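Taking it in order: structure first as structure tokens, then the write-up.
No value in this document is a laboratory result; all are computed from the given coordinates. Note that the coordinates shown come from a computational prediction; the quantities given were computed from them, not determined experimentally. Cβ sites come from the backbone with ideal geometry, for glycine too, and all protein chains shown count toward neighbours.
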Amino acid sequence: MSVIKYWGKRDEKLILAMNESISVTFDPTHLCTTTTVAVSPVFDRDRMWLNGKEMSLSGRRYQNCLREIRARANDVEDETKGIKIAKNDWEKLHVHISSNNNFPTAAGLASSASGFACLVFALAKLMNVQEDNGKLSAIARQGSGSACRSLHGGFVKWVMGKEEDGSDSIAVQLVDEKYWDDLVIIIAVVSSQQKETSSSSGMLQTVETSTLMEYRAKEVVPKRVIEMEEAIKNRDFSTFARLTCAENNQFHAICLDTSPPIFYMNDTSHRIISCVEKWNRSVGTPQAAYTCDAGPNVVLMARDREAATLLLRRLLFHFPPNSTDIDSYVVGDKLILKDAGV
Ligand code: ADP
Ligand code: DP6
Ligand code: CO
């Protein structure tokens, strides 16, 4: 989930962003993609099933990932299984891919990020690609921009890069998943419905029509990226929360500044945000940060376990699960559920 948002490309084909971005990768025990790749000489073409349904692999993004991984394939030999595939054979062999998200697809919970990161990683493993996750991130980026960040755990930055071919527009890990242990993530699943405007077409429309976009990318984000990096490294929750919430609100403001306007958050997302804002103000120091990507689902990040328990109690009171407003919550830690009385 991004805390500094990527929205707008400077190169549509290579998927290069107009500004740098930062995200946190969710713990895979809760939200994840599982991708299995099979190879066989009897397969006559590459095929893929997403959440059990066959989909076309003809799109440029899938083709780019397959081509780039195949170009880096190596010999694979496993005597115990009697497998021997020479480096050059990979060009002729076809794959069958099955990928499943255990969370809503195309609903603003970063399924394209999780999906393409997992796809590139799985293909690289199968074909014995030796590149590190940084290099693989430049391939995942060509599937979906946000996917480059999801090859690393913890907090991750997608750097702009200078090369025209995009080879240095990669993701770097800022801190690993254990670094900020206190932070607790709660996801409010407001709607599992597929969004009306995909991220790719939404951001293209914003670049073409929003007058605020350029100001955001050039003047606002570069400063915020520096401040955010600093806050993450110092585990400075107050600054982190201020920036995360401000980013969320500016991102949705430029969506509204797009013509026709794009509404990703809905009334429930707004009410959840107000609830967090009121609580933070009543305490005096931020207890929780909120952010939504391109969809109505709200990701909440609490200062610590105690704050997470109090936040969850508040949410359950105002927005009971399985109600008309909200589907469910995804909570990082069972102890918090117990403390919150669930
Ligand atoms: P999200 O907010 O969920 O990232 P996007 O509009 O960015 O939504 O992207 C959704 C698209 O990402 C899907 O329509 C599909 O093409 C692709 N996608 C989602 N999950 C996977 C997956 N597991 N493997 C490959 N591609 C995926
Ligand atoms: C709002 O990476 O899904 O989640 O590169 O066109 O596939 P494409 O778009 P995508 O956009 C993500 C947008 C965002 C913000 C973010 O993740 O930084
Ligand atoms: Co996406």
>> Please give the Cα centre distance for the stretch 157-211 versus the stretch 51-89, rounded to the nearest Å.
In response: 26
>> Kirkwood hydrodynamic radius, the stretch 1-60, all distinct C-alpha pairs: what's the number in Å?
In response: 15.3
> Just for the chain, what percent of DSSP beta bridges are antiparallel, to the closest 5?
Replying inline: 90
> Between VAL95, PRO28, SER146, whose Cα lies farthest towards the positive end of the dipole of the stretch 1-156 when Lys and Arg beta carbons carry +1 and Asp and Glu beta carbons carry -1, centred on the Cα centre?
Replying inline: SER146
> What residue among SER56, PHE319, SER259 has its Cα farthest toward the positive end of the dipole of the chain, where the charges are +1 on Lys, Arg and -1 on Asp, Glu, each on the Cβ?
Replying inline: PHE319
>> Principal axis extents for the stretch 165-322, Cα atoms only, whole Å, descending order, please.
In response: 45, 36, 26
> Anyone know which of PHE103, PHE317, PHE263 comes out most mobile in the 10 Å Cα GNM of the chain?
Replying inline: PHE317
>> Compute, for the chain, the length of the dipole vector about the Cα centre, with Cβ point charges of +1 (Lys, Arg) and -1 (Asp, Glu) only. Units Debye, rounded to 20.
In response: 320
>> Normalised radius of gyration for the chain, please: alpha carbon Rg relative to 2.2 N^0.38 Å, two decimal places.
In response: 1.02
> With each run of n ≥ 4 DSSP H residues scored as -39500 (n - 2.57), what mean residue ellipticity at 222 nm is computed for the chain after dividing by its residue count and rounding to the nearest 500 deg cm²/dmol?
Replying inline: -10500 deg cm²/dmol
> For ILE22, ILE226, what ranking results if the residue with the fewest other Cβ atoms within 10 Å of its Cβ goes first?
Replying inline: ILE226, ILE22
> For the stretch 247-295, what relative contact order do you get, as a whole percent, if you take Cα pairs closer than 8 Å and at least 6 residues apart?
Replying inline: 41
> What pairs from LYS157/LYS223; LYS13/LYS135; LYS5/LYS218; LYS162/LYS233; LYS178/LYS278 go past 21 Å between their alpha carbons?
Replying inline: LYS162/LYS233; LYS178/LYS278
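What percentage of all Cα-Cα pairs in the stretch 147-224 are separated by more than 14 Å?
So the pairs more than 14 Å apart make up 78 percent of the total in the stretch 147-224.
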>> If I build a Gaussian network model for the chain, linking alpha-carbon pairs within less than 10 angstrom, which residue out of LEU300, LEU312, LEU212 has the largest mean-square fluctuation?
In response: LEU212
> Between ALA86, ALA241, ALA138, which gets the highest mean-square fluctuation from a Gaussian network model of the chain, Cα cutoff 10 Å?
Replying inline: ALA86
>> Let me understand the stretch 65-185 better: what is its radius of gyration from the alpha carbons, and its Dmax, in angstrom?
In response: 16.1, 49
